[in-house]
Amino acid sequence: MRLTAKIKLVYDEELGGTLFRTVALANACCEWLSEQAWSVKKFRKYDLQKMFYYGARETFSDLSAQCIIRCIAKVADSYKKDKKKQRSFTPLGAIAYDLRILSWKPDIVNIWTVDGRKKIPYVCGERQAALLKTQQGETDLLLQDGHFYLATCCDVAEPEVNTINYQQPLGVDFGVVNIATDSDGKVYSGSRLKNIRFRHRRLRTALQKANTKSAERHLRKLSGKEARFARDTNHVISKQIVRSAKGTCRGIAVEDLSGIRDRITARRKQRAVLHSWSFLQLRSFLEYKAALAGVPVVAIDARNTSRECSECGYIDKRNRKTQDKFCCLSCGHTDNADKNAARVIASRVNVSTPIVVVAQTVAASPRLQAWGS
Ligand SMILES: [Zn+2]
């Protein structure tokens, strides 16, 4: 399974300036190469290297040979999908390193810059440190919120899943009022998040009315803050669910993604809440954390899970009395509605239910990869 580890570089002002000039120059080189490629309408890496390598070395004499090769690869890559439009490179976009111009040591990375090779310390969390042990292939140097980070590819072996009880998984129901409820009845509410959202929404309305430059800046800051908080909440909730499942040797059953998407578009009234709530992110966190812990995740067809009785299987819209109360019209079983739904989800897993292949899900989507870090 391929995941991305993002780590923070530690540097002083002088070194920061060096990194800044390195990133700026490499991007300028990409921009120049893109112009040349466009002018002759040749976009293959081989052709670009043959035609423009020496020109690039002359024009950007502070860049190393290997760095220019990476730039050529990046420009060729950018034209792969669409050759009908000239590509442009942002002045401070991420630049790619391979192992010839960057090497990893414990706590220190040896990296090429416009001022020669530099040894730069870095800091990272426990998970990132574990991931780094499996580091493989390319690394991006990126400038984010005024600080330099490295984002690097890691190839994690998926653990054995043989000891898991497939027959009785932990069912998880994603909801609006409670972000998630499991079949044991545990509620993952994220209520702090909702409060923050509510406060922010009022503030946002006021700021939008003000319509000044500083209000605009404040709004941007607000949305970044909210996204970071939502992301943290998703990390916490997915971690708790995986821990519950692993602690009891069970797999995890969730509704398939189409179910989640339907729900996102279905209930119009709750749209604002749902749209801003990132179920897909939560789902992807759940998948990769489960994979790392050796807990299988199975996805089931979620039709009618909120209307079916987890005791007798009777399906009726009227079984769900209110948002949180479930009462079966056939057998009289009563339960919290979200817990009942989670139990129905768990009960739908059978031997033939395919396990979600995390490796593919993550590898197929750079977006999910980014979420993984
Ligand atoms: Zn019933």
May I ask you to list the residues in region 112-124 that are surrounded by 13 or more Cβ atoms within 10 Å (Cβ to Cβ) and under 26 Å from the mean Cα position of the chain (by Cα)?
Tyr122, Cys124
Does Gln323 qualify as being open to solvent by 30 Å² or more (accessible area, probe 1.4 Å), away from the ligand (no atom under 16 Å from the Cβ) and at pLDDT 60 or above?
yes
Determine if region 289-308 includes at least one residue that is within 13 Å of the ligand (Cβ to nearest atom) and either under 30 Å from Met1 (Cα atoms) or open to solvent by less than 50 Å² (accessible area, probe 1.4 Å) (or both).
yes
In region 219-229, what count of residues is obtained for those that are touching a helix residue (DSSP H, G or I) at 6+ places or on another chain (Cβ under 6 Å) and either aliphatic (A, V, I, L, M) or open to solvent by 90 Å² or more (accessible area, probe 1.4 Å) (or both)?
2
With Lys269, Lys209, Lys239 as the choices, which residue is at pLDDT 80 or above, open to solvent by 60 Å² or more (accessible area, probe 1.4 Å) and either part of a strand (DSSP E or B) or over 30 Å from Asn350 (Cβ atoms) (or both)?
Lys209
Could you list all residues from region 309-351 that are among the aromatic types (Phe, Trp, Tyr) and assigned to a loop (DSSP other than H, G, I, E, B)?
Tyr314
Counting only residues that are touching a residue at least 12 places away in the same chain (Cβ under 8 Å) and surrounded by fewer than 22 Cβ atoms within 10 Å (Cβ to Cβ), how many does region 244-253 have?
4
When residues of region 25-47 are limited to those that are open to solvent by 30 Å² or more (accessible area, probe 1.4 Å) and among the small types (Gly, Ala, Ser), the one nearest to Leu102 (Cα to Cα)
Ala28
Scanning region 21-52 residue by residue, those under 29 Å from Asp115 (Cβ atoms) and aromatic (Phe, Trp, Tyr) turn out to be Trp32, Phe52
Taking Asp316, is it more than 25 Å from the chain's Cα centre (by Cα), more than 16 Å from the ligand (Cβ to nearest atom) and modelled with pLDDT of 85 or more?
no
Where residues in region 48-69 are more than 14 Å from Trp32 (Cβ to Cβ) and out of contact with any helix residue (DSSP H, G or I) (no Cβ under 8 Å at 6 or more places or on another chain), which of them is most open to solvent (accessible area, probe 1.4 Å)?
Lys50
Looking at Arg199, Arg192, Arg204 in this structure, which one is more than 19 Å from the chain's Cα centre (by Cα), at pLDDT below 80 and over 30 Å from Lys289 (Cβ atoms)?
Arg204
Restricting attention to region 122-149, report how many residues are closer than 16 Å to Leu9 by Cα and part of a loop (DSSP other than H, G, I, E, B).
4
If Gly137 meets every condition in (1) at pLDDT 95 or above; (2) on the phi > 0 side of the Ramachandran plot; (3) of a type outside the set (A, V, I, L, M) apart from one, which number is that one?
(1)
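Results for (1) of a type in the set (A, V, I, L, M, F, W, C); (2) within 14 Å of the ligand (Cβ to nearest atom); (3) out of contact with any helix residue (DSSP H, G or I) (no Cβ under 8 Å at 6 or more places or on another chain), shown as yes or no for each residue.
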site: Glu311; (1), (2), (3): no, yes, yes
site: Cys327; (1), (2), (3): yes, yes, no
site: Ala337; (1), (2), (3): yes, yes, yes
site: Ala346; (1), (2), (3): yes, no, yes
Look through region 335-362, keep the residues that are open to solvent by 60 Å² or more (accessible area, probe 1.4 Å) and polar (S, T, N, Q), and return whichever of them is modelled with the highest pLDDT.
Ser347
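The values are calculated or read from the model by the stated rules, or taken from the named source; none is laboratory data. Here the structure is a predicted model, which is why all the values come from computation and not from measurement. Note that we place each Cβ from the backbone using ideal geometry, even for glycine, and neighbour counts take in every protein chain shown. We work out accessible area using only protein heavy atoms, side chains counted, and drop any ligands, DNA or RNA first. Shrake-Rupley method; radii C 1.70, N 1.55, O 1.52, S 1.80 Å.
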